[in-house]
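Novice: Provided herewith is a single structure, encoded as structure tokens, for subsequent inquiry.
Read-outs throughout are calculated quantities, based only on the coordinates presented, and are distinct from any laboratory measurement. Keep in mind the model is a prediction, meaning the values are calculated, not measured. Neighbour counts are summed over all protein chains in view; Cβ atoms, including those assigned to glycine, are modelled from backbone coordinates with ideal geometry.
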Amino acid sequence: MQLKTKELSSKQQRIVEFIREFWLENNFPPSVRDIVAGCGLSSTSVVDYNLKILEKKGAIRRHREVSRGIELPSPPDSSNNLNVPVIGQIAAGQPIPVPDNDTWDITSNADTIEVTRDIVRGREGVYALKVKGNSMIEDLINDGDIVLLQSVNFVENGETAAIWLKSEKEATLKKFFLEPSGKIRLQPANSQMGPIYASPDNVEVQGRVIAVIRRMG
């Protein structure tokens, strides 16, 4: 069974993503020191600790007698294009109802969109959603556009994310901010619209926006 991204910590997700990107760019895996530098980690021991966890979870294989002996279960394909599942639509205005969390199962049958690998850059768990609404137009995300997202459960302040509001059973596309008060602010990129405030226990990050594909015409 394929390991789900959400089973890994954000640090481990970052390491796996870096390994894939490095492999695609160089056609060989990174060393532990490459990972330290590429992921902004404090030491080789931190990397080694997380690599052991990733190996135990089946996310990587290691050959310790080789300096660059890190291997992914499915080495990145160097062909130029890949298909990304389009799993539905998301509001870029007020939140819209989503039937249930099965909507976000990127392994389910779905339409696909073909994109170049330089857009995805080796990231795992990438999916697409069609945008409905105009609240992100100042970030050039318009009604009818397609957004590519990486399935993650954590984002940094200011990143644009797909957010699931648990109590309301609604999803929305907004900039994510954790306020000093502890509240989550979901900020539109439209000066005519106000933010949504929510408690952290009502907010679930479903993905980070990595690219926008413009609607033609």
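Novice: Go ahead and run the numbers for FRET between Asp118 and His63, Cβ-Cβ distance against an R0 of 35 Å, rounding to 0.05.
Specialist: So the FRET efficiency works out to roughly 0.75.
Novice: Calculate the FRET efficiency for Ser42 and Lys166 from the Cβ-Cβ distance with a Förster distance of 41 Å, rounded to the nearest 0.05.
Specialist: Here the calculated transfer efficiency is 0.75.
Novice: Another question about this same structure. From the phi of every residue in the stretch 159-176, what ³J(HN,Hα) in whole Hz does the Karplus formula 6.51 cos²θ - 1.76 cosθ + 1.60 yield, where θ is phi - 60° and glycine or proline is x?
Specialist: 7, 8, 9, 8, 10, 9, 9, 5, 5, 7, 6, 10, 10, 8, 10, 8, 7, 9
Novice: If you place +1 on the Cβ of every Lys and Arg and -1 on the Cβ of every Asp and Glu, how big does the dipole about the Cα centre of the stretch 5-71 come out, in debye to the nearest 20?
Specialist: 240 debye
Novice: Describe numerically, in nm with one decimal, the distance between label points set 7 Å from Cα along Cα→Cβ at Asp201 and at Ile213.
Specialist: Once both label points are built, they end up 4.0 nm from each other.
Novice: So which lysines pass the test for Lys11, namely a Cα distance under 27 Å, with those fewer than 8 places away in the same chain ruled out?
Specialist: Correct list for Lys11: Lys52, Lys56, Lys57, Lys166, Lys174, Lys175, Lys183.
Novice: Going by amide H atoms built from the backbone, whose H comes under 5 Å of the H on Ala211, apart from near neighbours?
Specialist: Those lying under 5 Å, H to H, from Ala211 are Leu148.
Novice: Now for a separate question. If amide hydrogens are placed 1.01 Å from N in the peptide plane, which non-local residues have theirs closer than 5 Å to the one on Val126?
Specialist: Ser151
Novice: Using per-residue counts of other Cβ atoms within 10 Å, averaged over each peptide, order 196-202, 55-61, 13-19 from highest down.
Specialist: Ranking, from highest mean packing down: 13-19, 55-61, 196-202.
Novice: Right, something else. Rounded to whole Hz and in sequence order, give me ³J(HN,Hα) for the stretch 193-203 from the Karplus expression 6.51 cos²θ - 1.76 cosθ + 1.60, θ = phi - 60°, writing x for Gly and Pro.
Specialist: After applying 6.51 cos²θ - 1.76 cosθ + 1.60, I find 10, x, x, 9, 10, 8, 7, x, 6, 9, 10 Hz.
Novice: Enumerate the calculated ³J(HN,Hα) couplings along the stretch 43-52 in order (Karplus 6.51 cos²θ - 1.76 cosθ + 1.60, θ = phi - 60°), each rounded to whole Hz, writing x wherever the residue is Gly or Pro.
Specialist: Computed from phi, the couplings for the stretch 43-52 are 7, 5, 5, 5, 5, 4, 4, 6, 5, 5 Hz.
Novice: Continuing with this model, one more query. Hey, with R₀ at 45 Å, roughly what FRET efficiency would Lys52 and Leu140 work out to, going by the Cβ-Cβ distance, to 0.05?
Specialist: 0.60
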